[in-house]
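Enquirer: Here's a structure for you.
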Amino acid sequence: MRAPEFKRDVKILISLAYYTMRAVFRYSLRLAGRRSAQRLTILYYHGVSPEHRRSFARQVEALNRRAWILPASYRGQLPSGKKCVAITFDDAFVSVAENALPELARYSFHSTIFVPVGWTGRTPGWAMEESEPALAVAANPELTEVVMSSAQLNALNASLVSLGSHSLTHPPITRLDTQWARKEIEDSRRRLAELSGREIIDFSFPYGDHDASAVAMCRAAGYETAYSVTAQEVDTTCPELLRGRTKVEPSDGPIEFFLKFNGAYQWMGDSVPLRKTMRSIFGNQAPGIRVQPH
Ligand SMILES: [Zn+2]
């Protein structure tokens, strides 16, 4: 078995154990007459290629059976009865409009698309988001992706699709000086609002790269929610600006996807000892940035 597959299987096993322990804990609470609070799991995809449309559609069907879909920026009490999930897409690729949104529209599912505003209508030219050195160019469908144009963004159904900013040029924000970082955060919001005629309240950090100062800049720029790439079960009654998200791929199998949308990958965000163990075995798996451009 190749190392990336082995690593993926280990993550599934840990998540399964996490999910089981949490289910036992919740059952014990219920026996004691108490309930654990509902949390929102926010998923994030990048592109959805034609080859992956069917597997993506199966994931959407699974969500339809077992989850309520809410906007990622939702605030307030969550409905009970099913798991609460939000769907987001980073990079605003054309393949999402072509292959993902029609499948979500079957169930009137909401999603949020994060636009790298300076790249509209173009092939992405930013550094790779994946840290997998083994990813060959030909095997990476993102390399054939194109960012939606202004016209394509404006053709999206505004009642089902929210637009958020993903910066202007898709840089790692914490590596910029303050003035440049502020420009990426503020100007992208203004330009996306002008381009779309919509109010822009969401910001997704490129590569999930952020610190307290970057979050404060988002608040000052008028965003209501900013998103990282750290798996988190979000308390929607909390005024916190920053929300974590769980990475999903259209190719994720049924068990892996089930565990992800049920928040069972949260251990990767909030359990430092477990992450450290994974890193010592598999190397640094923090959201990585390869420096060579697409
Ligand atoms: Zn991105």
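Enquirer: I'd like the residue in segment 150-203 that is more than 16 Å from the ligand (Cβ to nearest atom), in a helix (DSSP H, G or I) and hydroxyl-bearing (Ser, Thr, Tyr) and, out of all such residues, is nearest to ASP91 (Cα to Cα).
Expert: Checked segment 150-203; the qualifying residue nearest to ASP91 (Cα to Cα) is SER150.
Enquirer: Here's a follow-up. Which numbered condition in (1) more than 16 Å from the ligand (Cβ to nearest atom); (2) of a type outside the set (Gly, Ala, Ser); (3) modelled with pLDDT of 95 or more; (4) crowded, with 23+ Cβ neighbours inside 10 Å is the only one that TYR265 fails?
Expert: Just one mismatch for TYR265, condition (3).
Enquirer: Are any of the residues in segment 18-41 aliphatic (A, V, I, L, M), touching a residue at least 12 places away in the same chain (Cβ under 8 Å), in contact with a Gly (Cβ under 8 Å, 6 or more places away or on another chain) and buried (at least 19 other Cβ atoms within 10 Å of the Cβ)?
Expert: Of the residues in segment 18-41, the ones aliphatic (A, V, I, L, M) are 21, 23-24, 29, 31-32, 37, 40.
Next, from what is left, pick out any that are touching a residue at least 12 places away in the same chain (Cβ under 8 Å): 37, 40.
Then keep just the ones that are in contact with a Gly (Cβ under 8 Å, 6 or more places away or on another chain); that gives none.
Checked segment 18-41: no residue is aliphatic (A, V, I, L, M), touching a residue at least 12 places away in the same chain (Cβ under 8 Å), in contact with a Gly (Cβ under 8 Å, 6 or more places away or on another chain) and buried (at least 19 other Cβ atoms within 10 Å of the Cβ).
Enquirer: Condition check: touching a helix residue (DSSP H, G or I) at 6+ places or on another chain (Cβ under 8 Å), closer than 29 Å to PRO79 by Cα and of a type in the set (D, E, K, R). Does GLU224 satisfy that?
Expert: no
Enquirer: Give the residues of segment 204-229 that are without any contact (Cβ under 8 Å) to a residue 40 or more places away in the chain and either in a loop (DSSP other than H, G, I, E, B) or within 15 Å of the ligand (Cβ to nearest atom) (or both), sorted by residue number.
Expert: Hits for segment 204-229 are PHE205, HIS210, ASP211, GLY222, ALA226, SER228.
Enquirer: Report whether or not SER159 is under 23 Å from TYR74 (Cβ atoms), touching a residue at least 40 places away in the same chain (Cβ under 8 Å) and more than 18 Å from the chain's Cα centre (by Cα).
Expert: On the way: under 23 Å from TYR74 (Cβ atoms): yes; touching a residue at least 40 places away in the same chain (Cβ under 8 Å): no; more than 18 Å from the chain's Cα centre (by Cα): yes.
So SER159 does not fit the description; no.
Enquirer: Scan segment 81-96 and report the pairs whose first residue is under 16 Å from ARG122 (Cβ atoms) and whose second residue is away from the ligand (no atom under 12 Å from the Cβ) and of a type outside the set (A, V, I, L, M), with Cβ atoms within less than 7 Å and a gap of 6+ or a chain change.
Expert: These pairs meet every condition: VAL94/GLN152; SER95/SER49.
Enquirer: Keeping to segment 203-251, report how many residues are surrounded by fewer than 21 Cβ atoms within 10 Å (Cβ to Cβ), among the acidic types (Asp, Glu) and either more than 20 Å from ASP187 (Cα to Cα) or touching a Pro at 6+ places or on another chain (Cβ under 7 Å) (or both).
Expert: Residues that pass the stated criteria total 4.
Enquirer: Same structure, new question: Scanning segment 102-127 for residues that are in a helix (DSSP H, G or I) and surrounded by 20 or more Cβ atoms within 10 Å (Cβ to Cβ), which turns out farthest from the ligand (Cβ to nearest atom)?
Expert: Taking segment 102-127 and keeping what is in a helix (DSSP H, G or I), we get 102-105, 117-119.
Then drop every residue that is not surrounded by 20 or more Cβ atoms within 10 Å (Cβ to Cβ), which leaves 104, 117, 119.
Numbers: LEU104: 20, VAL117: 12, TRP119: 10 Å.
Out of the qualifying residues, it is LEU104.
Enquirer: Related question: Could you list, in sequence order, the residues of segment 87-105 that are over 12 Å from the mean Cα position of the chain (by Cα), within 24 Å of THR169 (Cα to Cα) and charged (D, E, K, R)?
Expert: Hit for segment 87-105 is GLU98, nothing else.
The values are calculated or read from the model by the stated rules, or taken from the named source; none is laboratory data. This is a predicted model, so every value here is computed, not measured. Positions of Cβ are generated from backbone atoms using ideal geometry, with glycine treated the same way; all protein chains shown enter the neighbour counts.
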